[in-house]
Structures are given as C-alpha cells and as structure tokens.
Amino acid sequence: MDLKKESNIEYLRQVLEDQIRLTADGTKFVPVDALPRDHRYYEYQAQVNGSKVPTQDVIKKYIAKNGQEYRFQTAPHPVPRFQDRDAVPEY
C-alpha cells in the first residue's frame, strides 16, 4: 500500500465553509439559524458565554498588540466574516 502525503488545506477550507453554521440537535446537525429561539442551544450559549464570547476578547487583545490575528493562512478565509484579520467578527 502506497501512502501519499498531500496537503489537505483545500479539504479543510471546504469543511469550514460548509459546516461553520451547523450545530448538533440531538443526533442531527442543523443550521443554527434553523433552531427556534427557545432551543436549548441558546440557553447553553448564554450560560457559557454570557453576553460575549471570551475567546473573542483574547483575539482582540492579540490584534491590539500584534496588528492582526494569529491564524496562518494561505488564502482568504472561506467564510467571509472571518476574512478581515484586523478585526473580530461579532455574533
């Protein structure tokens, strides 16, 4: 059996683009936007994150110190709201 070492960057970029807005709903994956506002997903997010996502604060501090966020990339992010490396998108 021949084992090839190849880049999987494009595959991962496609997975991000296709699945970034999905979440689990029981045993299924569904778009977050398809969940009713009283779904347990939103209660969990409110308990864990409160009014903000803590990791966004970390990235904002990193940008303030270093001029842009830390991701290595070979092309623009496949999800448009993450393409600006000088700012953190709000949810």
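Read-outs: derived from the displayed coordinates by stated rules, not from any lab. In this text the structure is predicted, and so the values were computed from the model without any measurement. Every residue, glycine among them, receives a Cβ derived from its backbone with ideal geometry; neighbour counts consider all protein chains shown.
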Which numbered condition P78 fails, given (1) without any contact (Cβ under 8 Å) to a residue 40 or more places away in the chain; (2) surrounded by 10 or more Cβ atoms within 10 Å (Cβ to Cβ): (1)
Tell me which residues, restricted to region 1-34, are closer than 15 Å to V79 by Cα and hydroxyl-bearing (S, T, Y). Y11
From the list A75, A64, A46, which one is among the aliphatic types (A, V, I, L, M), closer than 20 Å to Q19 by Cα and out of contact with any Asp or Glu (no Cβ under 6 Å at 6 or more places or on another chain)? A75
